[in-house]
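Q: My questions will all concern the structure given below.
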Amino acid sequence: MRRKLAAGNWKMNGTRAALAEVDTLGAPKGPSEVLICPPATLIAAAAGRVDGIAVGGQDCHAAEKGAHTGDVSASMLADAGATHVILGHSERRADHGETDAAVRAKTEAAWAAGLVAIVCVGETLAQREAGETLDVIGAQLDGSVPDGATAATTVIAYEPVWAIGTGKVPTNDQIAEVHDAMRERLKNRFGAESDGMRLLYGGSVKGSNAAEIFAVSNVDGALVGGASLKAADFGPIVEALDAAS
């Protein structure tokens, strides 16, 4: 049985005052795992703030240390109190030119530091309209997830690029098609171990559509962007996930 996961990606939003939203959200009351990924400047302050809410980073460098001005290593995230890290988000791939190989190297670094890697994959609108979705997702999985991935170290997040922050959401059938295909591809590569790997959906998830999305085949939770910034918005998503558990 895979434990459901509600992960909030705050992106480049929030100062110390924003941590009051974590207090308002409060300790998880249901069976789902709750994770908040604030900016790196807030990780130490957020870690351990509310019992039961895990804290993660939004990116890490592939190297453990060195002359990489402005970057943060996986071991630094862990030292600050992080337990997870988001890797290969479409915004990193687009804004910073991150390749599958780069994401793979970062994932290996995350594992070495004892972090759970949340590896993101997703297609653009042009790729979907060209009928390339499953090929794109498959190639990203193959290239971004290193050999040796386990259910304990790796979470996969499917975020259709065209749905992030746009309010557009794929149909349930479209979500199911991708999640089922990802499960099958992971099974072919990792065997029985893949049965425990959690597959998250991300892309304009909100309280009003969460229950419907969580009822879709092979959706084990969500990677939530803007709706995770406020407890009033993120709380209903967590509640919907608890109800689906």
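Any read-out appearing in this document is the output of simple, stated calculations on the displayed coordinates, not a laboratory observation. Everything quoted here is computed from the prediction, not taken from an experiment. Here the Cβ is made from the backbone with ideal geometry for all residues, glycine too, and neighbour counts use every protein chain on show.
Q: When the chain is fully extended, how far beyond the present Cα-Cα distance does Ala231 get from Ser208, taking 0.36 nm per residue of separation?
A: Answer, rounded to one decimal: 6.8 nm.
Q: Can I ask one more? For region 175-185, in order, what is each residue's ³J(HN,Hα) by Karplus, 6.51 cos²θ - 1.76 cosθ + 1.60 with θ = phi - 60°, in whole Hz (x at glycine and Pro)?
A: 5, 4, 4, 5, 5, 5, 5, 5, 4, 5, 5
Q: Still on this structure, I have one more. Packing-wise, with mean Cβ within 10 Å as the measure, how do 64-75, 109-120 rank, highest first?
A: Ranked from most to least packed, the peptides come out as 109-120, 64-75.
Q: Here's another thing I want to ask about it. What is the calculated FRET efficiency for Ala215 to Asp195, with r their C-beta to C-beta distance and R₀ = 22 Å, to the nearest 0.05?
A: Details: r = 20 Å, r/R0 = 0.90.
Taking R0 as 22 Å, the efficiency between Ala215 and Asp195 is 0.65.
Q: 5 Å is the cut-off here: which amide hydrogens, built 1.01 Å from N in the peptide plane, fall below it relative to Val116, excluding neighbours closer than 5 in sequence?
A: Sorted by chain and number, the residues that satisfy this are His84, Val85.
Q: Restricting to the chain, compute how many DSSP beta bridges are antiparallel as a %, nearest 5.
A: Of the beta bridges lying entirely in the chain, close to 0 percent run antiparallel.
Q: Another question, if that's okay. Quick check: net charge around Leu200, other residues with Cβ under 13 Å of its Cβ, Lys/Arg +1 and Asp/Glu -1?
A: +2
Q: Would you mind counting up the charge near Arg92? Only other residues with Cβ under 14 Å from its Cβ, with Lys and Arg at +1 and Asp and Glu at -1.
A: Every neighbour counted, the sum reads -3.
Q: Give a residue-ordered list of calculated ³J(HN,Hα) values for region 102-113 (Karplus: 6.51 cos²θ - 1.76 cosθ + 1.60, θ = phi - 60°; whole Hz; x for Gly, Pro).
A: Karplus values, whole Hz, x for Gly and Pro: 5, 5, 4, 5, 5, 5, 4, 5, 4, 4, 4, 8.
Q: Ok, one more. Report the net charge of residues surrounding Leu5, where surrounding means a beta-carbon distance below 9 angstrom and charges are Lys +1, Arg +1, Asp -1, Glu -1.
A: Values: positive: Arg2, Arg3, Lys4, Arg198; negative: Glu33, Asp220.
Taking every Cβ under 9 Å from that of Leu5, the sum is +2.
Q: Per residue of region 152-164, in order, report the coupling 6.51 cos²θ - 1.76 cosθ + 1.60 (Karplus, θ = phi - 60°) as ³J(HN,Hα) in whole Hz, putting x for Gly and Pro.
A: Result, ordered by residue: 7, 10, 9, 10, 10, 10, 9, 10, x, 4, 6, 9, 6 Hz.
Q: Something else: Is the C-alpha gyration tensor of the chain telling us rounded, prolate or oblate? Criteria: a/c under 1.5 is rounded; beyond that, a/b larger than b/c is prolate, otherwise oblate.
A: rounded
Q: Another one. Quick check: Cα centre of region 160-181 to Cα centre of region 202-235, how many Å?
A: Computed from Cα coordinates, the inter-centre distance equals 12 Å.
Q: Explain nothing, just the number: dipole magnitude of the chain about its Cα centre with +1 on each Lys and Arg Cβ and -1 on each Asp and Glu Cβ, in debye rounded to the nearest 20. Write out the running numbers ahead of the final one.
A: Working: 21 positive and 31 negative charges, 92 e Å.
It works out to roughly 440 debye.
Q: Taking a virtual spin label 7 Å from the Cα of Leu134 along the C-beta vector, which residues in region 177-205 bring their backbone nitrogen under 16 Å of it?
A: Backbone N within reach: 177-189.
Q: Could the peptides 19-32, 147-160, 44-57 be put in order, highest first, of the mean number of other beta-carbon atoms found within 10 Å of their residues?
A: Numbers: 19-32: 15.6, 147-160: 20.1, 44-57: 18.4.
Order by mean packing, descending: 147-160, 44-57, 19-32.
Q: Under the 0.36 nm per residue contour assumption, what length would be gained going from the current alpha-carbon distance of Asp180 and Lys65 to full extension?
A: Length gained between Asp180 and Lys65: 37.6 nm.
Q: For the charge dipole of region 5-244, defined by +1 on Lys and Arg C-beta atoms and -1 on Asp and Glu C-beta atoms about the Cα centroid, which residue among Ala192, Ala181, Ala231 has the Cα displaced farthest towards the positive pole?
A: Ala231
Q: Explain nothing, just the number: dipole magnitude of region 60-122 about its Cα centre with +1 on each Lys and Arg Cβ and -1 on each Asp and Glu Cβ, in debye rounded to the nearest 20.
A: 60
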